[in-house]
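The values are calculated or read from the model by the stated rules, or taken from the named source; none is laboratory data. These numbers were taken from a predicted model, which means no experiment stands behind them. Counting neighbours? That spans all protein chains shown, and the Cβs are built from the backbone with ideal geometry, glycine included. These accessible areas exclude ligands, DNA and RNA; they are computed on the full protein's heavy atoms, side chains included. Shrake-Rupley method; radii C 1.70, N 1.55, O 1.52, S 1.80 Å.
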Amino acid sequence: ETALFTTDWNKIQIQTNAGGFQFFVNGGSATSRGGEVTLLFFPAAGWTLRANGGYTDTRLSEDAPAAGGVDGDRMPFVPLWTGSFGVDYRFPLGSAQGYVGGSLNYIGDRQSNFSLKNPVEVPSYTTFNLNAGVDFEHWHLTLYGKNLNNTHGINFVNATGVAIPGFNPLGNPFAAGIIEPRTIGLDATYRF
């Protein structure tokens, strides 16, 4: 499965901040061009291999002075490249159905918002996940591990400066949101 797309946005809104407050401003127009591809492969009974990749080039197509962006700037938090690869195996387990699987997921570098006219590059990151479980009668049990490589992927960066762009006398000039750390859990579901 594959798709190519092109989008022309008008009258967009962009998040920014000033004086420690977050708000949206009019951002003018932008363009988005890219493509996605998804592959599924079933090499043998019970096995599923899947791969997905995407490229998205999203940029302002005119200056956005209220946000601090200029024509040609990348739109905030849109990665140029994304990708994932996963494998799943389902097998009989007595009268139940067992399964194991895993995935490797990549989010490419991104640009932060235009806060204080000082956007920064948000680095790429990769996560690794595993799961195993069993389905029997009405029960569905899953043991999972998310972000097993415990990457500290950043999903949001914002300038916190108040008077001078990029400078905050109280500490770090940027605040960041980090993805969920390594998480191991057990999920039990009962279907009526």
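What the table shows:
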read-out	value
The range 25-139: radius of gyration over Cα atoms, expressed as a fraction of 2.2 N^0.38 Å	1.56
Length gained when the stretch residue 139-residue 4 is fully extended (0.36 nm per residue, less Cα-Cα span)	44.5 nm
Pair residue 31, residue 189: separation of 7 Å Cα→Cβ label points (nm)	4.3
Accessible carbon and sulfur surface of the chain relative to its total accessible area, %, 1.4 Å	61
Gaussian network model of the chain, Cα within-10 Å springs - most flexible of 105, 26, 113	26
Rounded to the nearest 10 Å², the accessible area of residue 156 at probe 1.4 Å	70
Binned Cα-Cα distances of the range 12-55, short to long, each 10 Å bin given as a whole percent	19, 22, 20, 18, 14, 5
Over the chain - Rg/Rh using Cα atoms and the Kirkwood inverse-distance radius	1.10
Choice from 81, 47, 139 showing the highest fluctuation, given a GNM over the chain with Cα pairs closer than 10 Å	139
Rg/Rh (Cα only; Kirkwood hydrodynamic radius) as it applies to the range 20-82	1.27
